[in-house]
Amino acid sequence: MSIYVCVIIISSLFLGTTFAQQSEFDAITVLVWVNGDVHIGIYCYYVELPFHLPSFPAIMGSNYLWLQYYVDDEKLNCFLRLHLDSRSEAEVDAYAYKVKEILENWLGMKFEFSARIPRSFFTPRGLIRWIDYNFTASGFNPDVILDKFLGLKPNEGWMTLINKKILSLGDKVWLWVYPGIRFGRLYFSKKFRNVFNFKVGNTYTLDIFKLFNFTSSIEIKRKSEVEITLLYYGHGPNKIYSNLQAELVDVELPFEYKVGVALHEENPPGVNIGTFGELTGNVVVDYMRITFKIVEYGFKPPSSSLYIIIGWLIVIIVVTCIISLILVKQKRK
């Protein structure tokens, strides 16, 4: 097993939402891709951290630390961005080394700086100046690193679906940390490949608990979000063009939900099932199943009543033709 980790400290002007703005404790997003894959993202917006970054306020926004872990690479790559504001470059460099030491102590490995790039950007609010740092590590035990991230997982909510056995090649973990705060944001992205082999006219069931081989219950104690999309076509270089569309048949969720439309540019609209802020906690979830049918976009098969009408018309036409032939033969005689 190999790992890729990216670490970023960057102003919230560019990325993310501050803790004060985040009302949900956790969330789960499910994307059923048109090629049959299922991608599931699980977020926890408040995880307690075993380390602490010293306060480092920025004029244009709050800085934060971002770690991105891939179960795919042979090295641990880190990226660090620090805003200069009114600070000297020497002060920012000193803080960067401090962050490096904190990460080394937590992860139990040594990093080496590989790049230091000053940058700037003009905005309506003025000039933004920062320094990008890159540092890498190698020769570590990937299982130990994975255990470090899994150790941050809370014992409640959607994170209970995640364990070491379920993670595989192509999955990833993100961790955001705000300086001066002992809480971070944890995110797991799990890919289930070739779950479905879609064919027009067939009906399928998405069973989320079955995908995770999860047989227990999930206790939702605090405000949470759920969003499920059928079908998803991707974007950018991963975009898939298709005329397949999901038609909702049945929804089995033990909490209130709403059904909406997911619009996709140059592809059929999808079905969106979500809580949209209505899942406020005190819910036990022991099943999540969605049944849907695959149809061709722009084509709707005739209803059964229409088939009956067409059948009767064919019978009438055939009978009329037979009677006409008999009458013609009788006249000739």
(request) Give the long-range amide H neighbours of LEU53: residues separated by 5 or more places, or on another chain, with amide H under 5 Å away, using H modelled in the peptide plane at 1.01 Å from N. (result) GLY180, ILE181
(request) Quote the FRET efficiency, to the nearest 0.05, computed for SER88 versus PHE122 with a Förster distance R0 of 22 Å and r equal to the Cβ-Cβ distance. (result) 0.55
(request) Sequence neighbours fewer than 8 away in the same chain don't count; with that in mind, list the lysines whose C-alpha is under 17 Å from LYS75. (result) LYS100, LYS110, LYS148, LYS172
(message) Sorting check: for 113-120, 169-176, 276-283, which peptide has the highest mean count of neighbouring beta carbons within 10 Å, and how do the rest follow?
(response) 169-176, 276-283, 113-120
(request) Read phi for every residue in segment 224-230 and hand back ³J(HN,Hα) as whole Hz from Karplus 6.51 cos²θ - 1.76 cosθ + 1.60, θ = phi - 60°, with x for Gly and Pro. (result) 9, 10, 10, 9, 10, 10, 10
(request) Take the Cα of GLU219, step 7 Å along the line toward its Cβ, and report every residue of segment 268-284 whose backbone nitrogen sits under 12 Å from that point. (result) 282-284
(request) Just order 140-150, 39-49 by mean Cβ neighbour count inside 10 Å, highest at the front, would you? (result) 39-49, 140-150
(message) Can you classify segment 190-270 as rounded, prolate or oblate using the Cα gyration tensor, where a ≥ b ≥ c are the square roots of its eigenvalues, rounded means a/c under 1.5, and otherwise it's prolate if a/b beats b/c and oblate if not?
(response) prolate
(request) Apply the Karplus parameterisation 6.51 cos²θ - 1.76 cosθ + 1.60, with θ equal to phi minus 60°, to every residue of segment 272-284 and state each ³J(HN,Hα) to the nearest whole Hz, in sequence, with x for glycine and proline. (result) 10, 10, x, 8, 6, x, 8, 8, 9, x, 6, 10, 10
(request) Report ³J(HN,Hα) in whole Hz for each residue of segment 136-142, in order, from the Karplus equation J = 6.51 cos²θ - 1.76 cosθ + 1.60 where θ = phi - 60°; Gly and Pro get x. (result) 10, 9, 8, x, 9, 8, x
(request) With the Cα gyration tensor of segment 4-296 in hand, convert its eigenvalues to equivalent ellipsoid semi-axes via √(5λ) and list them largest first in whole Å. (result) 37, 21, 19
(request) Can you grab the distance from the C-alpha centre of segment 223-245 to the C-alpha centre of segment 94-146, Å, no decimals? (result) 33 Å
(message) Going Cα to Cα from LYS210, which lysines come in below 17 Å? Please leave out same-chain ones fewer than 8 positions away.
(response) LYS164, LYS165, LYS190, LYS191
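All of the numbers you see were taken from the coordinates with simple rules; none came from a lab. Bear in mind that the values here come from a model prediction, so they are computed numbers and not experimental data. Quick reminder, even Gly has a Cβ in these numbers, built from the backbone with ideal geometry, and neighbours come from all protein chains shown.
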